[in-house]
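For reference, the structure is listed below as structure tokens.
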């Protein structure tokens with residue numbers, strides 16, 4: 001009889017608690033009292049295509065088992081791929097059927113071996129995700145029965161147990177399309193364990209299920225990183241102010257997940273050129289944080305930025321994204337991994 005299933009050393013089922021940053025209010029029923037304020041344009045304004053494409057289109061290729069027999073037998077790559085699809089789609093990205101992107105898959109393989117040469121095939125999407133299992137292990141440990149006394153003098157009995165633990169590590173790469181430049185890389189590691197009472201010290205249960213669970217946990221540990229990367233994006237359109245209260249209209253509405261109380265991050269785009277190689281790079285730098293107010297429609301919303309100094313740095317055309325964050329107990333589980 002199995003007694004407990006743990007992920008990363010913390011029992012599953014703990015109540016998740018989330019905290020909103022700051023004390024900003026989401027109420028904005030008196031918008032007419034706010035005066036329109038000057039809003040300079042960003043140094044790097046978004047293109048028409050970027051403005052119209054608020055939702056990322058993502059191809060997720062099947063994660064490879066990396067020639068690890070345990071991973072292949074347990075179909076670890078498939079389990080991890082399914083979890084990736086769940087969370088990336090849950091962030092608001094549109095998933096593209098990978099069966100129509102075989103040429104792209106071949107080009108990525110070539111880029112990994114020979115360097116990026118770009119993708120010139122049929123338009124597929126904005127990003128491609130490719131991953132490989134780098135480690136998959138399963139082990140067991142036997143614990144003798146024991147009798148012990150607590151601080152109140154009460155005696156307790158713990159029966160003999162077998163504890164099984166599985167750990168999976170995967171390396172994930174996200175490529176921008178059509179350049180095939182590496183947009184971000186993530187190393188994801190997950191660990192799960194379970195215990196059962198036993199009459200024998202021969203702990204020999206199969207580990208396939210636990211290995212798949214560890215693969216899913218690896219993605220869950222990196223959930224906020226992945227969801228924030230693939231979150232739908234909008235752009236700052238307008239600024240209004242009432243004394244020190246600054247609100248901004250942004251092109252991020254209900255269709256892309258904006259709802260009252262959601263946290264957002266505002267970014268500016270910085271382009272630079274490597275003086276040695278001439279290679280151009282694009283970097284996003286956070287300007288401010290805010291909350292979506294109760295003024296939300298299908299295409300736009302009003303957000304409140306509590307820090308007045310940060311609000312002064314916001315420009316028309318700065319990028320806005322919903323910010324995802326795991327709850328308190330989920331973070332604790334990740335830290336114990």
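Note on segment 189-312: along the principal axes its Cα atoms extend 73, 49, 27 Å, ordered by decreasing extent.
Put simply, when 134-143, 283-292 are sorted by average Cβ atoms within 10 angstrom per residue, most first, you get 283-292, 134-143. Legend: ranking of residues 237, 80 from fewest to most surrounding C-beta atoms inside 10 Å; resulting order 237, 80.
Each pair of Cα atoms in segment 56-230 enters the Kirkwood radius, and Stokes-Einstein at 25 °C and 0.890 mPa s then converts it into a translational diffusion coefficient of 136 µm²/s. Taking only the Cα atoms of segment 57-105, the ratio Rg/Rh comes out at 1.03, with Rh defined as the Kirkwood radius.
Given the C-alpha centroids of segment 227-281 and segment 73-108, what is the distance between them in whole angstrom? That distance is 26 Å. Based on C-alpha pairs under 8 angstrom that are at least 6 apart in sequence, the chain has a relative contact order of 24 percent.
Taking 0.36 nm per residue of separation and subtracting the Cα-Cα distance, full extension of the segment from residue 150 to residue 25 would add 40.2 nm.
With the convex hull drawn over the C-alpha atoms of segment 103-142, the volume per residue is 101 Å³.
Simple spin-label estimate for residue 308 and residue 100 gives 5.2 nm between the two label positions (7 Å along the Cα-to-Cβ direction from each Cα). Calculation over all alpha carbon pairs of the chain in 10 angstrom steps from 0 returns a P(r) of 5, 20, 25, 22, 15, 8, 4, 0 percent.
Bear in mind these aren't lab numbers, they're just calculated from the coordinates by the rules spelled out. Owing to the predicted nature of the structure, the values given are computational and were not obtained by experimental measurement. Cβ sites come from the backbone with ideal geometry, for glycine too, and all protein chains shown count toward neighbours.
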